[in-house]
1. If you go through the range 78-94, how many residues are surrounded by fewer than 20 Cβ atoms within 10 Å (Cβ to Cβ) and within 19 Å of GLU125 (Cα to Cα)?
2. Of the residues in the range 37-53, how many are crowded, with 20+ Cβ neighbours inside 10 Å and either over 17 Å from LEU72 (Cβ atoms) or among the hydrophobic types (A, V, I, L, M, F, W, C) (or both)?
3. Any idea how many residues of the range 72-131 are without any contact (Cβ under 8 Å) to a residue 40 or more places away in the chain, of a type in the set (A, V, I, L, M, F, W, C) and touching a helix residue (DSSP H, G or I) at 6+ places or on another chain (Cβ under 7 Å)?
Amino acid sequence: MVWLAGDLGAGKTTLSAGIGQGWGTPDPLTSPSFVIIHQHERPRDKTRLYHIDAYRLPHPEAADSLGLDDILEAEHVVLIEWAERISTWLPPHYLKVSMTMHPDDERYRQLIFEATGQRYQELLEALRKAIFGV
Ligand SMILES: Nc1ncnc2c1ncn2[C@@H]1O[C@H](COP(=O)(O)OP(=O)(O)OP(=O)(O)O)[C@@H](O)[C@H]1O
Ligand SMILES: [Mg+2]
């Protein structure tokens, strides 16, 4: 599960679209707008990616109706914008990406990555090596 945090317009959907593209779904990931949850499939292996935007949930308890437990249990790829709004429904382990506009130039974004649990810590380590080479 990837927790995408950041204010309105920070770039959560844009990053989700890039993740979706890299993962291999042919359909574009757009802002879920009034649809809270979008499901995408990867043709090559039929695995699924769920893109959730918790911003418009009327109240945290409404997350109950999303079937999150089943989705998370089945180990699909799950990207959640505004996951802090449904924090009590989230699993203990995740990769959190906190996005902010660059203080000096709003054309750029600053990303802070945090991982909990071994799997996500290893993932983050691999990402760090891929980006920085160390
Ligand atoms: N890394 C980036 N660099 C420059 N511009 C970006 C970047 N990421 C997003 N943007 C621009 O910022 C705007 C808002 O992006 P986006 O919709 O992804 O934000 P969001 O965090 O999903 O917002 P919301 O909270 O409304 O869902 C868009 O115009 C997008 O093109
Ligand atoms: Mg968005």
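Any read-out appearing in this document is the output of simple, stated calculations on the displayed coordinates, not a laboratory observation. Everything numeric in this text was worked out from a predicted model, so none of it was measured. Here the Cβ is made from the backbone with ideal geometry for all residues, glycine too, and neighbour counts use every protein chain on show.
1. Number satisfying all stated conditions: 2.
2. 2
3. Adding up the residues that qualify gives 4.
Per-residue answers, yes or no, for (1) at positive phi; (2) surrounded by 14 or more Cβ atoms within 10 Å (Cβ to Cβ):
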| residue | (1), (2) |
| --- | --- |
| ILE19 | no, yes |
| GLY24 | yes, yes |
| TYR55 | no, yes |
| SER65 | no, no |
| LEU72 | no, yes |
